[in-house]
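Notes follow once the structure below has been shown.
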Amino acid sequence: MQDRTYTADAEPGDHVTVAGWVHEVRDLGGIAFLILRDTSGKIQVKFEKDEMNEDLVETGLDVARESVISVTGEVAEEPRAPTGVEITPENLEVVAPADPQLPLDPSEKVDAELSTRLDNRTLDLRKDDVQAIFEIRAEILRAAREHFREVGCTEITTPKIVATGTEGGTELFPITYFGEEAFMNQSPQLFKQLMAGSNLERVFEIGPIFRAEEHNTPRHLNEATSIDFEGAFCDHTDAMDVVEGVVKAAYEAVSANCADQLEALDLADEFDLPEGDFPRLTYEEAIERINATGELDEQLVWGDDLPTEGEKALGADVGGHYFITDWPSEIKPFYIMDHEDDEQLSTGFDLMHPDMELVSGGQREHRYEELVAGFEQQGLDPDQFEYYTKMFKYGMPPHAGFGLGGERLVMTMLGLENIREAVLFPRDRQRLSP
Ligand code: ATP
Ligand code: AMO
């Protein structure tokens, strides 16, 4: 391979080789420009027809858009070029020609349909704004990992092929595992809890979760990325502190390190960091405030789950991230601990963005007898979960944790309209390929 020696900070006079995709060719008669694009940006290549080798000019001007070419030449200052410099080519090689019939043109100003974009993700990711989403996503995950490590967590990975589900039986994807029924895991819930009982004590995982969600909504995926935490000797308030830290660290990292990407997304002027402590409303306060907005046709009563319009009304009222705590035990999973003085009230919490739920978490039931009784109340057979429950007989400390939806964090941070925009190859009811 020929070395690619061009970098975005090349100086006039440098002799460079730049390889990338043909973004656009403008032929103005005596002079023509080819804009070459690579991961670092775009560079102008100038053809002066009367002064340059005819073959070279012909190859450069005939090459189809999105072909990969390699150009060697000298960098010169040119204030009218997009980057202030241009290259006069001495050599030009077509590395990989593109079919002139593109299913999606990355240089088009008008956006293609989302389904066309998802069917042609490689081409779609040649657009600055789409590339920016995935660079920001990577920065968010990097910042989350760093924050977890700062608060003493060890990164783990847990199985995605499992024998039992935890988050509701209807949302499981069954698979066949050497002739036996198995499932794709809906959450690392049980495994991360088992690690809270180990000497690792505080763990986190960033990995896929699989849910056979029936709804086709702009905020549900059938394969999502969950950012999970579990900590021994933690209660629900400690877990809330950790997730608040992770979310703030993600915003701060994007603000500090992704200026170009925010610019590409037209967000440079409106990217605000979450300010102050996230308010912590109880479930009871939350339903009162929702009822007071008058946005719902029917008033909510204790025990109701919050409908989407209710979440939106409350989000608009609060105006930023906030927690909802002290949920009724009956609408939180069986593994969540109830308050000591009121067994109708759970330690479960949600972290909300004004537009949607980002996180669920809580302190866990760590007492063996109560845990087994919880399985039975849920209609689950405790024997099937023996691999998990038995570890609660051998010294399981109080512990708490949360699951944060990775794509929802990206989506809400960047104001994306559809969660699929935050996934390279989303899985939904209609989409199993690519
Ligand atoms: P020629 O005499 O071969 O046409 P020129 O440099 O005089 O060369 P013009 O015809 O004056 O070119 O320019 C055509 C268009 O291209 C103008 O709009 C001009 O601003 C623009 N242009 C010329 N040179 C450059 C350059 N190096 N980078 C960007 N734009 C340029
Ligand atoms: P829960 O089921 O609320 O909790 O999931 C946690 C967070 O994961 C995200 N999420 C999803 N994102 C996109 N598409 C989906 N289908 C989807 N399902 C979930 C959401 C949600 O808030 N075990 C608990 C967590 C815990 O208590 O530690 C759990 O999975 O952002």
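The values are calculated or read from the model by the stated rules, or taken from the named source; none is laboratory data. What you see is a predicted model, and the numbers here were worked out from it, not measured in a lab. Cβ coordinates were reconstructed from backbone atoms using ideal geometry, including for glycine residues, and neighbour counts include every protein chain displayed. Just the protein is used for accessible areas: all its heavy atoms, side chains included, with ligands, DNA and RNA removed. Shrake-Rupley method; radii C 1.70, N 1.55, O 1.52, S 1.80 Å.
For segment 79-97, residues that are among the small types (G, A, S) and not in a strand (DSSP E or B) total 2. Within segment 213-237, the set of residues being among the charged types (D, E, K, R) and near ligand 2 (Cβ under 10 Å from one of its atoms) comprises E213, R219, E223, D228, E230.
When E108, E48, E78 are checked against the criterion of being within 14 Å of ligand 1 (Cβ to nearest atom) and loosely packed, with under 15 Cβ neighbours inside 10 Å, E48 stands alone in meeting it.
If you go through segment 173-191 and keep only what is outside any strand (DSSP E or B) and either away from ligand 2 (no atom under 12 Å from the Cβ) or without any contact (Cβ under 8 Å) to a residue 40 or more places away in the chain (or both), you end up with F178, G179, N185, Q186, F191. Condition check for Q377 on (1) over 27 Å from T217 (Cα atoms); (2) among the polar types (S, T, N, Q); (3) open to solvent by less than 20 Å² (accessible area, probe 1.4 Å): one failure, at (3).
Taking the criterion of being outside the structural domain of A373 (by TED's automatic domain parsing) and within 22 Å of the chain's Cα centre (by Cα), would at least one residue in segment 266-273 satisfy it?
no
Looking only at segment 1-45, how many residues end up being of a type in the set (S, T, N, Q) and within 11 Å of ligand 1 (Cβ to nearest atom)?
1
Contact map, segment 401-419: first residue touching a residue at least 12 places away in the same chain (Cβ under 8 Å) and crowded, with 23+ Cβ neighbours inside 10 Å, second residue of a type in the set (K, R) and part of a helix (DSSP H, G or I), Cβ cut-off under 8 Å, separation 6 or more or different chains; pairs are G401/K192; G406/R137; V410/R137.
Going by the conditions given, is E201 of a type in the set (D, E), assigned by TED's automatic domain parsing to the domain that holds T154 and closer than 30 Å to V301 by Cα? No, not satisfied. The sole residue among P159, P208 that is open to solvent by 50 Å² or more (accessible area, probe 1.4 Å), out of contact with any Leu (no Cβ under 9 Å at 6 or more places or on another chain), more than 16 Å from ligand 1 (Cβ to nearest atom) and in the same structural domain as E139 (by TED's automatic domain parsing) is P159. Each residue in segment 51-75 was checked for being outside any loop (DSSP other than H, G, I, E, B), of a type in the set (A, V, I, L, M) and open to solvent by 10 Å² or more (accessible area, probe 1.4 Å), and 4 of them qualify. Within segment 321-334, residues that are at positive phi reach partners that are part of a strand (DSSP E or B) and away from ligand 2 (no atom under 12 Å from the Cβ) with beta carbons closer than 7 Å, at six or more positions or on different chains, in the pairs D326/T282; D326/L345.
Residues that are in contact (Cβ under 8 Å) with a residue 40 or more places away in the chain and of a type in the set (A, V, I, L, M) within segment 250-277 comprise A250, A253, V254, L262, A264, L265, L267, listed in sequence order.
Scanning segment 14-45 for residues that are part of a loop (DSSP other than H, G, I, E, B) and open to solvent by 50 Å² or more (accessible area, probe 1.4 Å), which turns out nearest to ligand 2 (Cβ to nearest atom)?
Looking at residues that are part of a loop (DSSP other than H, G, I, E, B) and open to solvent by 50 Å² or more (accessible area, probe 1.4 Å), I get T39.
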